[in-house]
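Notes follow the structure.
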Amino acid sequence: GPSLVVAPTSVAANWTSEAARFAPSLRVHDFRRNDRERLVAELAPFDVVVTSYGLLLGEEKLLSRPQWNVVILDEAQAIKNAGAKRTAAAFSLNASFRMATTGTPVENNLGELWSLFRFLNPGLLGSAQSFARRFAAPIEKEGDRTARVRLRRLLAPFLLRRTKEAVLEELPAKTEVLLTVDLSEEERALYESVRRRALETIEQDAGEERDRRFRILAELMRLRRACCNPRLVLEETELPSAKLDAFAELVEDLRANRHRALVFSQFTGHLALLRQYLDSEGIPYQYLDGATPPEARRRAVDAFQSGSGDVFLISLRAGGTGLNLTAADYVIHMDPWWNPAVEDQASDRAHRIGQKRPVTIYRVVARDTVEEKILDLHRTKRELAEGLLEGTDAAVRLSTEDLVALFREESA
């Protein structure tokens, strides 16, 4: 029968080209480019439809109509939120066999794992409420080793975990460098002003827990922007940016030594400021964010791989997975993400099959700021995933008070 692949827009084109290379007997159809009603009506064995998560949501009724032979969700962390509409669209698909591929099966909490298995093997983990009672709460809140072992045994028959270290022995060395920058006095004063105002606001907030948590995260986003560049919180300011200076110095050194770099940020506004600098210096580059159309993405990737551009500016969430960018041997993360696994996936755009040179990864972090506290949290984030996948003990979720602690001067 026909099969369906659901993948992020940035990855969907890879499925088409790789299928043509490795499985030429399959007829691969780009759902986005076809008469969709006619395509679904005429599906036959050896047909493979490749679509995006966005189109899955928009065409849920049409795509839930066929009995698919195989449905594959690529970068399946896209359905980690069980209450999201696109997750419900994935649940509605009818398939004889289901597979999910992801490098980050647990990004924040164990409820995300429940959502994945609700798609893969409905009923295996029970209802969301019973899963929270039997597993998530005991493991995350109490560190219950027995509950963790029971969950791991339950999942083990359905997990195939292949670490890069185990299967890619021929990869060149990877070096990780933490580049800590000192904010100028003016930047520090602005940062402190944002921090104190945010702390005062959230400590006086007596609203509902869920709403309060969202407001805390919004304040935290503003504080993290202040670490990156003053212009991300005060658009018209003329204050200098320590991170921009560090970026300029890094790029100058890399170009002088004939290296090329991928540069990631979670803030498109931050990328825009880096882009302004590159334009002013006449430095050639490529650019990709969530608003970049699929064809423009492919052209940018192909151009960079062919040698066009010394730097590739990439939005972490839009381009941190599915791309092959081995023409770069340096990776620069301009701001830390909550989950180190997401950063690792982004770094692997360069450190992957086809890379012949050693890869160096820079993490640019503002000293004595919330960014350093986020790095401290990386350890617990790793333990959350490893606790199930490899049997280590810890698995924690940030409480509201943990988030508030990030605003205080003392260590989180």
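Remark: the Cα gyration tensor places segment 288-365 in the oblate category, a/c being 1.5 or greater and a/b not exceeding b/c.
Heavy-atom accessible area, probed at 1.4 angstrom with all protein chains present, ranks 104, 163 as 163, 104, highest first. Remark: the chain carries a charge dipole of roughly 1820 debye about the Cα centre, counting +1 on each Lys and Arg Cβ and -1 on each Asp and Glu Cβ.
When a/c is below 1.5 the answer is rounded, else prolate if a/b is larger than b/c, else oblate, so apply that to segment 227-300 with a ≥ b ≥ c taken from the square roots of the Cα gyration tensor eigenvalues. In terms of gyration-tensor shape, oblate.
To the nearest 0.05, what FRET efficiency results for residue 150 and residue 258 with a Förster distance of 60 Å applied to their C-beta separation? All intermediate terms of the calculation are to be shown ahead of the outcome.
Values: r = 54 Å, r/R0 = 0.90.
Computed FRET efficiency for residue 150 and residue 258: 0.65.
For segment 261-369, the list of trypsin sites (Lys or Arg not before Pro) that fall in a loop by DSSP and count at most 16 other C-beta atoms within 10 angstrom reads 352, 356, 367.
Just name one of 284, 41, 232: the one whose Cα is farthest towards the positive end of the charge dipole of the chain (beta-carbon charges, Lys/Arg +1, Asp/Glu -1). Value: 41.
Checking every one of the GluC sites (Glu not before Pro) in segment 17-123 against DSSP loop status and a limit of 16 other Cβ atoms within 10 Å picks out 42.
For segment 219-347, a simple Cβ point-charge model (Lys and Arg +1, Asp and Glu -1, everything else neutral) yields a dipole of about 340 debye relative to the Cα centre.
Would you please name the chymotrypsin sites (Phe, Trp or Tyr not before Pro) within segment 76-154 that are DSSP coil residues with at most 14 other C-beta atoms within 10 Å of their C-beta? Walk me through the intermediate numbers first.
Working: sites: 91, 97, 114, 117, 119, 131, 135; in loops: none.
Nothing satisfies the criteria.
Taking each DSSP H run with n ≥ 4 as -39500 (n - 2.57) and averaging over every residue of the chain yields -13500 deg cm²/dmol at 222 nm.
Rounded, prolate or oblate, given the Cα gyration tensor of segment 53-203, with a/c below 1.5 counting as rounded? Here segment 53-203 falls in the prolate category.
Heavy-atom accessible surface of residue 353, to the nearest 10 Å², is about 120 Å², with a 1.4 Å probe and all protein chains retained.
Once the Cα-Cα distance is subtracted from the 0.36 nm per residue extended length, the residue 173 to residue 91 segment shows a gain of 25.5 nm.
Between 328, 171, 338, the Cα set farthest toward the positive side of the dipole of the chain (charges on each charged residue's Cβ, about the Cα centre) is that of 171.
The reciprocal of the average 1/r between distinct C-alpha atoms defines the Kirkwood hydrodynamic radius, which for the chain equals 23.2 Å.
Please calculate how many Å² of accessible area the chain carries per residue, with a 1.4 Å probe and no DNA, RNA or ligand atoms counted.
Working: 19970 Å² over 412 residues.
That works out to 48 Å² for each residue.
Placing unit charges on the Cβ atoms only, positive for Lys and Arg and negative for Asp and Glu, gives segment 5-88 a dipole magnitude near 160 debye about its Cα centre.
What is the percent carbon and sulfur in the accessible area of the chain, measuring with a 1.4 Å probe over the protein chains and ignoring ligands? Spell out each step's value before the answer.
Working: 9710 of 19970 Å².
The computed percentage sits at 49.
The values are calculated or read from the model by the stated rules, or taken from the named source; none is laboratory data. Computed from a predicted structure; not experimentally measured. Glycine also receives a Cβ, built like all others from the backbone with ideal geometry; neighbour counts cover every protein chain displayed. Surface accessibility is based on the protein's heavy atoms, side chains included, excluding ligands, DNA and RNA. Shrake-Rupley method; radii C 1.70, N 1.55, O 1.52, S 1.80 Å.
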